[in-house]
There are 4 protein chains.
Amino acid sequence: MPKIGMRPIRREALITATIEALAEDGGLDARVSDIARKAGVSTGLAHHYFGSKEELFVETMRHLLVLLGTASAASLKRCDTPRERIDAILETNFSPRQFDKSTIAAWLIFYVRSIKSDESRRLLSIYTRRLRSNLIFAVSPVCTPKQAVEIAEGAAALIDGFWLRTALNTTLIEREQAITTVRKYVDQQLMSYQNEKA
Amino acid sequence: MPKIGMRPIRREALITATIEALAEDGGLDARVSDIARKAGVSTGLAHHYFGSKEELFVETMRHLLVLLGTASAASLKRCDTPRERIDAILETNFSPRQFDKSTIAAWLIFYVRSIKSDESRRLLSIYTRRLRSNLIFAVSPVCTPKQAVEIAEGAAALIDGFWLRTALNTTLIEREQAITTVRKYVDQQLMSYQNEKA
Amino acid sequence: MPKIGMRPIRREALITATIEALAEDGGLDARVSDIARKAGVSTGLAHHYFGSKEELFVETMRHLLVLLGTASAASLKRCDTPRERIDAILETNFSPRQFDKSTIAAWLIFYVRSIKSDESRRLLSIYTRRLRSNLIFAVSPVCTPKQAVEIAEGAAALIDGFWLRTALNTTLIEREQAITTVRKYVDQQLMSYQNEKA
Amino acid sequence: MPKIGMRPIRREALITATIEALAEDGGLDARVSDIARKAGVSTGLAHHYFGSKEELFVETMRHLLVLLGTASAASLKRCDTPRERIDAILETNFSPRQFDKSTIAAWLIFYVRSIKSDESRRLLSIYTRRLRSNLIFAVSPVCTPKQAVEIAEGAAALIDGFWLRTALNTTLIEREQAITTVRKYVDQQLMSYQNEKA
DNA sequence: AATGAATGAGTTTTCATTCAT
DNA sequence: GATGAATGAAAACTCATTCAT
């Protein structure tokens, strides 16, 4: 009877270690050996379970994406009004879980990697499309389709912008205020459309 | 008859090549030899003029920063009203020169590098502080200092967000619309403050 | 109730898998894990039963050698004339069993390994000497010892040549024709010696 | 003025070193570092000029192929009769240049590699086809096309067989005798066809 | 008897940097 | 001023072998 079922355990440990490593060194050149050490295993094992560094990175990105997607879906499920939906989206995207230093840094690295890696780009576009469609769906009941797209793109830019600036320590404002700002932005946009109509 | 005055020519060619290489060939992993080839010179020459890859990257970042700073200063000089200042900032940040694919990608990579490289971080913070102070200065005449900071942070996040999304091809909207969106955002913020006052 | 008598079963399965793997998967670079998977067992088991990859390879070679030797001895036993003996040797060496793609490829690899591995070389020389002595013995009754050696070397070269070319898919002719060609070669040699004598 | 034009020099040195290395260790697992040391350069340089070990091996094979092809063409040019052509082919294939230990060992390795490497297989088939067509062309004037193919395949098998057995030290006969044997084989074949006709 | 988890030594590969010319 | 040859250190990757269960 061998030690069995380590595969998922090791994979998760390595993925977690990858996220940490990306945050720590600036990540750009996190070595497989660093990541393996952090996960408490040998370099060989990392390759055994992921095949290559690229694959480990892609799987880590996929992992983050799933976490975000799951959290997002869960919090949207309980929503009835546009306002609730917007809040749910913001809660998720700015949740301490998603908005912590390591996670943001990892995302940032993946953003950059997506310039060159097809799979990373594919994964990134899943995130992007999901955020966009969530935002559009949220505001659709109270504006025209065209306006919904406009609001969604603006809000998405704000969210990504706050993310980026937090990742890089170039913003003065905190989580709470970022949320407030985006919410306020959406409200004002919607209001301005109401006025146009009138 | 030695060639003289090659230094500035070679340096500029290498810096231009670096920007291109960061967007195209290798992204994060652009090699010195790639960059040199793109500039039409040998690898050795890149080191001759810049000493190291790190230095070449820093100089390239500084170059982008100077371009942006110069353009920004020039267009702000002719402005008298808050509205004009905001427009000038947006015109500069979203000018075709600044908003093209290569330049944005290069900035993104420098953003990430700034996590590790002290000099890059220093340069990045110059950009950040300048953008913030320009925005604050622009709206100061028509709102309180606290409101000015809020607007500035929001507008900066929007600008960075649009930048990021353009770099990654994850946005649906174009330059023109991005400008309109930010301008509209600032207007609405200011208006809302007016209303509060009233 | 422990499984008993698994040893010969596993060993045979692994040896068979080795032969297949050498021809298919990895050629020269067949991995122990490939072979084990092909045999339907774990990597560990391959080492349990053979101790090392080298040993597994040597045993596989020995296995092929025994098969060929047994078949050869069996078919030579029933022969009385030179012509019958030659035919028996050819029947054996070009029997579908020996002349199939996997087996030939495996032999080829063992040939090359024999350059480095003492044990492989020893085994290979057994094959070589046996073939030579069988050929010499076959034609001895009808020619001088010196002529016998000449014929044997020529016929052996033809046989090895056809083998090699079949292994590498570089020949146009089939098993049947190869046999005919070698037989014809021997006949003509013998005839020419007859003529010389006359 | 840099040290220039080293590329062809280094490439040749590395190819020569590869041939030597393949002969020495049994070659199967000659390391790039071994080869580089033998060529008097660093490992890095080998990769600089060839990109990968695979490529170095392929280029070495191509080199051997060109040598053989050139020699073959040169010696065939001066021939007028079938007999001369056959002799020229044998002279070339068994020339001390082609028939030395290193070269034969290298070919043997390449033979085995061709099982897995597409490019190696392609190159090997060039050799095979050329030998076949040279042989066929040589005997064509004095026999039917069908007979020519038969002779060519038989002679090619003999040649390859002698090569193989020399590479593996499993033959008793020398270069000279090998040539004689093949020539005699061809003669006898042709004669036997003459007789058939009669 | 059997597994497959785990290692680590050994190799290939990459590339910034140096240097002779 | 300029080259590109050359290095070597660092990293990725491979895989036979060991071992706890």
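Before moving on, here are some points about what is shown:
- Qualifying residue in the stretch A:19-30 (condition: farther than 30 Å from A:Glu91 by Cα and not in a helix (DSSP H, G or I)): yes
- Boolean, D:Ala74 is modelled with pLDDT of 95 or more and outside any loop (DSSP other than H, G, I, E, B): yes
- Any hit, the stretch D:151-168, residues being within 11 Å of chain C (Cβ to nearest Cβ) and surrounded by fewer than 20 Cβ atoms within 10 Å (Cβ to Cβ): no
- B:Arg175 vs. criteria more than 8 Å from chain A (Cβ to nearest Cβ), farther than 23 Å from A:Leu168 by Cα and touching an Asp or Glu at 6+ places or on another chain (Cβ under 8 Å): no
- Total residues in the stretch C:180-189, condition more than 7 Å from every other protein chain (Cβ to nearest Cβ) and buried (at least 19 other Cβ atoms within 10 Å of the Cβ): 3
- When D:Glu12, D:Glu55 are screened for being charged (D, E, K, R), away from DNA strand E (no atom under 16 Å from the Cβ), exposed (fewer than 15 other Cβ atoms within 10 Å of the Cβ) and part of a helix (DSSP H, G or I), only D:Glu12 passes.
- The residues in the stretch B:27-51 that are free of Cβ contacts under 8 Å to residues at least 24 places away in the same chain and surrounded by fewer than 17 Cβ atoms within 10 Å (Cβ to Cβ) can be counted, and the count is 10.
- Test for B:Leu90: is it part of a helix (DSSP H, G or I), out of contact with any Asp or Glu (no Cβ under 6 Å at 6 or more places or on another chain) and buried (at least 16 other Cβ atoms within 10 Å of the Cβ): yes
- Within the stretch B:79-105, the set of residues being at pLDDT 90 or above and under 9 Å from the mean Cα position of the chain (by Cα) comprises B:Asn93, B:Thr103.
Every residue, every condition in (1) away from DNA strand F (no atom under 16 Å from the Cβ); (2) farther than 30 Å from A:Asp118 by Cα; (3) away from chain A (no Cβ under 14 Å), yes or no:
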{"residue": "B:Ala39", "(1), (2), (3)": "no, no, yes"}
{"residue": "B:Gly44", "(1), (2), (3)": "no, yes, yes"}
{"residue": "B:Leu56", "(1), (2), (3)": "no, no, yes"}
{"residue": "B:Ala73", "(1), (2), (3)": "yes, yes, yes"}
{"residue": "B:Cys79", "(1), (2), (3)": "yes, yes, yes"}
{"residue": "B:Ile86", "(1), (2), (3)": "yes, yes, yes"}
{"residue": "B:Phe94", "(1), (2), (3)": "yes, no, no"}
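- Filtered residues of the stretch A:167-180 (kept if touching a helix residue (DSSP H, G or I) at 6+ places or on another chain (Cβ under 7 Å) and more than 13 Å from A:Asn93 (Cα to Cα)): A:Ala167, A:Leu168, A:Thr170, A:Thr171, A:Leu172, A:Ile173
- Any chance C:Ile136 is free of Cβ contacts under 8 Å to residues at least 24 places away in the same chain, over 30 Å from D:Ser120 (Cα atoms), not polar (S, T, N, Q) and not assigned by TED's automatic domain parsing to the domain that holds C:Ile35: yes
- If the condition is being at the interface with chain B (Cβ under 9 Å from one of its Cβ atoms) and part of a helix (DSSP H, G or I), then the stretch A:105-128 contributes A:Ala105, A:Leu108, A:Ile109, A:Tyr111, A:Val112, A:Arg113, A:Arg121, A:Leu124, A:Ser125, A:Tyr127, A:Thr128.
The values are calculated or read from the model by the stated rules, or taken from the named source; none is laboratory data. All of these numbers come straight from a predicted model, not from anything done at the bench. In this analysis, Cβ positions are derived from the backbone assuming ideal geometry, glycine residues included, and neighbour counts consider all displayed protein chains.
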